[in-house]
């Protein structure tokens, strides 16, 4: 038994995946999930439309400080507890015994909402970009909502097939995707900077004073609020760096490689994204023209303002390619999250979703479970206005899940936390406080609509409150009514126990000590179903 397998079994889980991800391939998946080029293209409206170029330059940089603090605090948790359940497991360990199951339950559901909406939103954007390219070359063509949906369906089906392959194939595919995404990003960046055409003033680039100081507030809120609202661009773009946490069980030297991959993804992705934002800020000609684009593709309209038609077509095509790789990486990460939570009986029919395919040794059922949910979401929210609900929920649900265990550690368990080999030392608590404060500030900001008063209607409403807090309220209600009777959270190894109530209740299971307080107790059909789910999920699949 190697160190990784011993560590995983110490967490209470049987090793079921081959550890074929290293630092680079783990970073590759995470970086592909970010998909800087398609992400920036998809969120250009928010960064540029809420606060103008100021929100894209120094606004992005300020937001990056908060994002990086969350990433570093998360990496510290990952080093201490490298399991696919990650944030969900950490919440159970760090919270007091009476609150552990509820904190774990809410963290898991919030994180899953982020993951399950990622691939549909990315693929919908990619499909829209493909049809926008069609419109560029055939002005008589008008894309219909059902055109976009069917194309998205096809893209997601191909991603489901790829995500069901053996881990080695997925690792290589995502490594190739990372190389392609990075290459496309640099090529597009150089094409924009080098190929930008002079504006009406005869200059190739905009004036630096205007780029860095002018706040083009296109909201009904004060300038300060508008700048904060523009942070949604970086928050949505940088919401995938937790992927190494969920791939920890397939990563060698996971307690070191996985947290490093988290920090690398956030740091490299943030800086490269900032460089791209600066390039756009210096070359955009008409901010209002971009945000009021009739095609519904602001990025394409921006390209048309400053580049030749050939460059516009090339960059749009490269963005589509990057979007395809990004969508596939999102589906892989989401399937691992669904597997980890099903392994502990969090969903109906968990014993099905938690099975590992004996041939590919990957959670194939979890892949297609997420695929079905994604298609249902697209059926409900497809359309120029409603699709924003799927996009917006990704940002808020992800960061709420990221900071719940961080907040528990900071305010409940900072003096008892047992760090792993990668840790922040004396900076752990200050970094954690900054992370929680940042997300606490941004959560209500992300729920604000662009307009208010008489300008607010159903079409301009920000539906994040309904799409995110609605399911979370249902999950909370389910827990209080039924799930609390059988859901006790993931198994917690006695080595990670930090609360006295836990330490008084120990028992040994197959030579590994666990806390009896986290095992299901009671009777009835609900208990039996979820108890069996855990047994089946941990059975040897080979």
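The values are calculated or read from the model by the stated rules, or taken from the named source; none is laboratory data. Everything numeric here is computed off the predicted structure, so don't read it as measured data. We place every Cβ from the backbone using ideal geometry, glycine too, and count neighbours over all the protein chains shown.
One residue alone among 88, 124 is in contact with a helix residue (DSSP H, G or I) (Cβ under 7 Å, 6 or more places away or on another chain), assigned to a helix (DSSP H, G or I), under 28 Å from residue 300 (Cβ atoms) and touching a residue at least 24 places away in the same chain (Cβ under 8 Å), and that residue is 124.
Here residue 417 meets each of (1) touching a helix residue (DSSP H, G or I) at 6+ places or on another chain (Cβ under 7 Å); (2) under 26 Å from residue 293 (Cβ atoms); (3) surrounded by 18 or more Cβ atoms within 10 Å (Cβ to Cβ); (4) at pLDDT below 90 with one exception, condition (2). Scan segment 137-152 for residues that are buried (at least 18 other Cβ atoms within 10 Å of the Cβ) and either under 21 Å from residue 325 (Cβ atoms) or out of contact with any helix residue (DSSP H, G or I) (no Cβ under 7 Å at 6 or more places or on another chain) (or both) and the total you get is 3.
Could you check segment 127-147 and list, in sequence order, the residues that are in a helix (DSSP H, G or I) and either under 23 Å from the mean Cα position of the chain (by Cα) or closer than 27 Å to residue 314 by Cβ (or both)?
Looking only at segment 127-147, we keep the residues that are in a helix (DSSP H, G or I), and these are 127-137, 145-147.
Scanning segment 127-147 gives 127, 128, 129, 130, 131, 132, 133, 134, 135, 136, 137, 147.
Of the residues 412, 422, 478, the single one that is under 23 Å from residue 103 (Cα atoms) and either surrounded by fewer than 17 Cβ atoms within 10 Å (Cβ to Cβ) or within 23 Å of the chain's Cα centre (by Cα) (or both) is 478.
When residue 165 is evaluated against the numbered criteria (1) touching a helix residue (DSSP H, G or I) at 6+ places or on another chain (Cβ under 9 Å); (2) in a helix (DSSP H, G or I); (3) surrounded by fewer than 22 Cβ atoms within 10 Å (Cβ to Cβ), which criterion, by number, is the only one it fails? Here residue 165 meets the rest and fails (2).
Counting only helices (runs of 4 or more DSSP H) that fall entirely inside segment 203-279 and contain at least 3 residues that are surrounded by fewer than 24 Cβ atoms within 10 Å (Cβ to Cβ), the qualifying elements are 208-213, 223-229. Selection of segment 310-360 for residues being without any contact (Cβ under 8 Å) to a residue 24 or more places away in the chain, part of a helix (DSSP H, G or I) and either in contact with a strand residue (DSSP E or B) (Cβ under 6 Å, 6 or more places away or on another chain) or more than 20 Å from residue 246 (Cβ to Cβ) (or both) yields only 310.
If the requirement is being within 30 Å of residue 351 (Cα to Cα), at pLDDT below 50 and in contact with a strand residue (DSSP E or B) (Cβ under 6 Å, 6 or more places away or on another chain), which of these qualifies: 526, 508, 521, 516? Steps first, answer last, please.
On the way: 526 fails: in contact with a strand residue (DSSP E or B) (Cβ under 6 Å, 6 or more places away or on another chain); 508 fails: in contact with a strand residue (DSSP E or B) (Cβ under 6 Å, 6 or more places away or on another chain); 521 fails: in contact with a strand residue (DSSP E or B) (Cβ under 6 Å, 6 or more places away or on another chain).
So the residue among 526, 508, 521, 516 that is within 30 Å of residue 351 (Cα to Cα), at pLDDT below 50 and in contact with a strand residue (DSSP E or B) (Cβ under 6 Å, 6 or more places away or on another chain) is 516.
Filtered by the rule that a residue be part of a loop (DSSP other than H, G, I, E, B) and farther than 26 Å from residue 238 by Cα, segment 415-460 gives 415, 416, 417, 418, 452, 456, 457, 458, 459.
Yes or no, residue by residue, for (1) buried (at least 21 other Cβ atoms within 10 Å of the Cβ); (2) under 17 Å from residue 336 (Cβ atoms); (3) out of contact with any helix residue (DSSP H, G or I) (no Cβ under 7 Å at 6 or more places or on another chain):
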site: 63; (1), (2), (3): yes, no, no
site: 74; (1), (2), (3): yes, yes, no
site: 94; (1), (2), (3): yes, no, no
site: 176; (1), (2), (3): no, no, yes
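Scanning segment 287-304 for residues that are in contact with a helix residue (DSSP H, G or I) (Cβ under 7 Å, 6 or more places away or on another chain) and either modelled with pLDDT of 90 or more or assigned to a helix (DSSP H, G or I) (or both) turns up 287, 289, 290, 291, 298, 299, 300, 301, 302, 303, 304.
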